[in-house]
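Shown next, in structure tokens, is the structure this report addresses.
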Amino acid sequence: MKKLLKLTLVVLLLVSCKESRKSSDPASSKILEGVMDEVTGKNVDVNEEYALLLVELGTKSPLTNDQLMDAFPKKLSNLSLDPSEQNIIEPKISGGQLVSGRFGDDTVRMEILDAAGQKAVGAILPLKMLHLNKVTSENNNTIRYSKKERNGILTFGTDRDKNTKADFQSELRFLYDNRFYVTLEGKGMDVDALWKAMGIENLSRFKDFNK
């Protein structure tokens, strides 16, 4: 069965290669690269890495709401946590194991999901797909995707052209301390500036709770 699947992928690859000669689209070559990696087994290590992580996280007990609120940063660099709708300076708990907040008058938004127990699949599979994705930019060049290791953490970034109507121009996603799925959005900044504004040290309390 596996041999048949690989043979099918090879046929698809050859057809795609033929079509790609008719186009100068850089995204096409990245998609072909992804197919080739699957055929040649280069994705095996990535699949195994996330499979092991999924098993490990599935055995952990989620943090309590009080722990999530305690760990959530109250300030990012010079950006203070915005008050809630009830005018209380505290993050918001929603959807189970998810804590979120806004900073600097909604300049930066942050969500952190505790990917322990039943939430492991919902966090790990999207990150795995981002890891395997070979496409780094859209054809119209208004959106640019990136994968970059920062402070030993593999991060997945999205930059939008400043002339687009998007509320936020940048987005970062990553797994902190092999457990906490972090999503950041930033206004008027690229992903590098967003990472700097966050300050990885501001997440250290989550690591304290990761037992």
Which net charge results when you count Lys and Arg as +1 and Asp and Glu as -1 among the other residues whose beta-carbon is under 12 Å from that of GLY96?
-> 0
Relative contact order in percent for the stretch 118-196 (Cα pairs under 8 Å, 6+ apart) equals 20
Prolate/oblate/rounded label for the stretch 101-211 (Cα gyration tensor, a/c 1.5) | oblate
Computed over the stretch 50-161: relative contact order in percent, which uses C-alpha pairs under 8 Å that are six or more apart = 20
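How much length would be gained if the chain were fully extended between LEU154 and GLU56, taking 0.36 nm per residue of separation minus their Cα-Cα distance, in nm to one decimal?
Working: separation 98, 0.36 × 98 = 35.28 nm, distance 1.87 nm.
Extending this stretch completely gives an extra 33.4 nm.
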Order the peptides 47-54, 180-187, 191-198, 90-97 from the highest to the lowest mean number of other Cβ atoms within 10 Å of their residues.
-> 180-187, 191-198, 90-97, 47-54
Under 27 Å between C-alpha atoms, the lysine pairs in the stretch 72-184 lying 8 or more places apart or on different chains count 25
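Given R₀ = 45 Å, FRET efficiency for THR64-ASN163 by Cβ-Cβ distance, to 0.05?
Details: r = 44 Å, r/R0 = 0.98.
E between THR64 and ASN163, to the nearest 0.05, is 0.55.
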On the formula 1/(1 + (r/R0)^6), with r taken between the Cβ atoms of LYS187 and LYS207 and R0 of 25 Å, the FRET efficiency rounded to 0.05 is 0.35
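The numbers here are math on the coordinates, done by the rules we state, and not lab data. These figures come from a predicted structure and were not determined experimentally. All Cβ positions, glycine included, derive from the backbone under ideal geometry; neighbour counts span all protein chains shown.
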